[in-house]
Structure formats: C-alpha cells, structure tokens
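A short write-up of the structure that comes next.
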C-alpha cells in the first residue's frame, strides 16, 4: 500500500510526463545541420591475385554533383575516371562520362560499409562483393542553417536546410514527436508528368529531455519523383539522413 508521500510523488511524475508530451512548438526555432559536402570511399579489390585500391570521391556544390573514380593496380598505371552522381532508389548512382565500360556504378550502404557495384557486378577473386568504407580524414562536412517557424494553425515556414527559398509546410505532433513536411514546386520537366508527385522534405524532431524550449532534429527524409527506365512512375526515397550529431533547434527569444 502506497504511503501518501509516494502517491503525491507519483502524481507529480505523471503530471510532469503529461506536460512534457503535450506541449506544442510555437514561433521560430533555429539551429544548424551538418552534412557531407565531400566524401571519399576506399576499398581493396582482389583481381587475378593482385590487390587493387579503389577510391571513389563524391562532392556536392550547389547543383553540381561531381564523381571521381580511381583504380590503382600494383603493376599498372593508375586510372582515374570522372563523371556525376545522383540519388537513386536506395543507392547513389555514379555515371562516368568517358567511353569506357562499365560507365554506371552503384554505391549501396551496408551497415558501416558500402557495396560498390555495376550492373554486371563487381567481385573479388573469391566471389565476395567489393566493399568500400568512408575515409573520414579525407571527407568533410559543412554546416547549413535551418529555421522553422511553427504557427498555431498547423502550418510551418522552413528556411535554410539547403533550400534556396523559404517553403511553407505542415507540422504535426504525437506525444513529444514532431514532424514537419514541406513540398517543393515541380520543375518545368516535372510539370509535364502530371501524375508525378512533388519533391517532399520531411523532418522528424522531439523535445530535448534536458534543455527547455529546444527541439532535437533526429532525421531528415527527402522523397523525390522517380521515373523508372520503362517509363513507369513511382515515388522513391531520395535520401534518409539520420544525424549522428543531432542538431538542436532552439526557440528564438
């Protein structure tokens, strides 16, 4: 049987939990997002008994998505190929501009490593797939400001976060979890595809357990229109960025 003090303490905890999970964001919350702007992936490929170094560099500078692939054989002259990259359906697609084959490769996340493949497949002498790891020393991140202005009617104005213009979206809350969805206008080419959905940014946040009036940005998902080679349409994950160093969005005074 609980004593009166225990009951009072229990009621206090319940009230605290209710208050923490029932508050809505109001007004402007600002912070910074860190994202990779230059990534280097490296791995070794065993081919004909020789260990070859494979290095893939991916950079993004505004709309420019540049790829560089280097293949270093111990007894041959190094080969470097250049091209571009883009986000596909769950992988990054690397398209090289020279006339050599294969000209298209795929980088697919496999835990802390990345499978690097072509349509015909890439494998070591023992049949195992070619795996690359991110070289943290050569890769680098950059910071992007983000500000979300929450309105009481459920609308939200998002600025920064890599977008050139402010965008109006919607926010929802379930407990202490808050989501913000923003749809970007279609490009002229996308307007021709009437059934193609707009590109959609979605942010997943929660209230910080230790800091008052602070939201923790846990994940950002970008969904984009996607057309398959046969012409059929679907909506595809462009990217799902789960932040290791989670950005804090602090309420503006």
Report summary line: Within the range 109-128, residues surrounded by 15 or more Cβ atoms within 10 Å (Cβ to Cβ) and assigned to a strand (DSSP E or B) come out as 113, 114, 115, 116, 117
**Report entry** Evaluation of residue 92 against (1) modelled with pLDDT of 95 or more; (2) crowded, with 18+ Cβ neighbours inside 10 Å; (3) farther than 30 Å from residue 173 by Cβ (one fails), failing number
**Finding:** (1)
Query raised in the report: Would a scan of the range 182-196 turn up a residue that is at pLDDT below 70, in contact with a strand residue (DSSP E or B) (Cβ under 7 Å, 6 or more places away or on another chain) and surrounded by 15 or more Cβ atoms within 10 Å (Cβ to Cβ)?
Result: yes
Report task. Kindly indicate whether any position in the range 229-249 is modelled with pLDDT of 90 or more, surrounded by 14 or more Cβ atoms within 10 Å (Cβ to Cβ) and assigned to a strand (DSSP E or B). Result -> yes
Query raised in the report: In the range 48-65, what residues are exposed (fewer than 15 other Cβ atoms within 10 Å of the Cβ) and modelled with pLDDT under 95?
Result: 48, 49, 50, 61, 62, 63, 64
Query raised in the report: Yes or no: residue 207 at pLDDT below 85 and within 21 Å of residue 146 (Cβ to Cβ)?
Result: no
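The values are calculated or read from the model by the stated rules, or taken from the named source; none is laboratory data. Just so it is clear, the structure is predicted and the values come from calculations on it, not from any experiment. A quick note on method: Cβ atoms are made from the backbone with ideal geometry, for glycine too, and the neighbour counts reach across all protein chains shown.
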